[in-house]
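Following: one structure in structure tokens, then a few remarks.
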Amino acid sequence: QCVNDYYATIVAVDENVGKVLEALKETNQLEKTAIFYTSDNGFFLGEWQAFDKRFMHEPSIRVPLLVRYPRLIRANSASDKMVLNLDIAPTILELAGVAIPDSMQGRSFVPLLRGQEPKDWRTDWLYEYYEYPGPHSVRKHRGIRTERYKLIHYYEAPEEFELYDLQTDPEERNNLYGKEGTEELVKRLRQRLDELRRQTRDPELNAPNPEN
């Protein structure tokens, strides 16, 4: 029944997006309006024997992002660059001609909308979930997702890791952590994970260790 309700919700979303588009068309604003269609998170529908979200696996972290803005975007164009939901606000500000505050962690993806691919665009990003214990009972974890690999760290006892090669194992069925030959990769990913935590000013980096 939960899955049926979820699908019904998606149908309702589609119907109401259609109403918005029709209203813009009727008022002659459709061709000059930037329309963003996305979601706040992905959703498990049985994958990993899970329903809902929060784990760092692909069904939960991947979201749709469609942008329609005929003044800027070529029809049927696409980009495979990593864009995060925190990039949406800076993008809208740039489209509106408003300065982007330095305090924002996101980055405008207007260049991607134009069909450009900046050489310094992100190739990895940080994931964190820490609401535990709680009603969803998902253990605290953080990780790094690169263009090819994903490292997940459940950092409270019992400590566990997951490592996936998303190029050869897109469904994340084969945990490579601890396998021979992955030591250097894990080292690099953990170092980069710490760098991303510092960049986002993670307060736990300087928190005292309760075991000391």
Practice prompt. Determine which single condition residue 138 fails, assuming it passes every other condition in (1) touching a helix residue (DSSP H, G or I) at 6+ places or on another chain (Cβ under 8 Å); (2) in a loop (DSSP other than H, G, I, E, B); (3) hydrophobic (A, V, I, L, M, F, W, C); (4) in contact (Cβ under 8 Å) with a residue 60 or more places away in the chain.
Written response: (1)
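Take the residues in region 97-119 that are over 23 Å from residue 74 (Cα atoms) and of a type in the set (Val, Ile, Thr); name whichever of them is farthest from the chain's Cα centre (by Cα). I'd like the intermediate steps shown before the answer.
First, pick out the residues of region 97-119 that are over 23 Å from residue 74 (Cα atoms): 98-106.
Subset that is of a type in the set (Val, Ile, Thr): 98, 100.
Working: 98: 25, 100: 21 Å.
Of everything passing the filter in region 97-119, 98 is farthest from the chain's Cα centre (by Cα).
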Fill in: Tally of residues being open to solvent by less than 60 Å² (accessible area, probe 1.4 Å), out of contact with any strand residue (DSSP E or B) (no Cβ under 8 Å at 6 or more places or on another chain) and at pLDDT 95 or above across region 134-192
1
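Here's the yes/no breakdown for (1) at pLDDT below 95; (2) open to solvent by 70 Å² or more (accessible area, probe 1.4 Å); (3) closer than 25 Å to residue 92 by Cβ:
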position	(1), (2), (3)
4	yes, yes, no
17	no, no, yes
23	no, no, yes
26	no, yes, yes
29	no, yes, yes
36	no, no, yes
44	yes, no, no
Item to complete: Report yes if some residue within region 98-115 is open to solvent by 80 Å² or more (accessible area, probe 1.4 Å) and at positive phi; otherwise report no.
Response: no
Practice prompt. Count, please, the residues in region 72-91 that happen to be within 20 Å of residue 17 (Cα to Cα) and open to solvent by 80 Å² or more (accessible area, probe 1.4 Å).
Written response: 2
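With the condition being in contact (Cβ under 8 Å) with a residue 60 or more places away in the chain and closer than 28 Å to residue 9 by Cβ, I'd like the helices (runs of 4 or more DSSP H) fully within region 28-113 carrying at least 1 qualifying residues.
Numbers: elements: 58-61, 88-95, 110-113.
Passing ranges, in order: 58-61.
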Discussion item. The conditions are (1) farther than 30 Å from residue 71 by Cβ; (2) touching a strand residue (DSSP E or B) at 6+ places or on another chain (Cβ under 9 Å), and residue 123 fails exactly one of them. Which is it?
Written reply: (1)
Item to complete: Look through 129, 69 and report the one residue that is open to solvent by less than 50 Å² (accessible area, probe 1.4 Å), of a type in the set (Phe, Trp, Tyr) and closer than 25 Å to residue 150 by Cβ.
Response: 129
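The values are calculated or read from the model by the stated rules, or taken from the named source; none is laboratory data. From a predicted model like this one, the values you see are computed outputs, not experimental measurements. A quick note on method: Cβ atoms are made from the backbone with ideal geometry, for glycine too, and the neighbour counts reach across all protein chains shown. Surface accessibility is based on the protein's heavy atoms, side chains included, excluding ligands, DNA and RNA. Shrake-Rupley method; radii C 1.70, N 1.55, O 1.52, S 1.80 Å.
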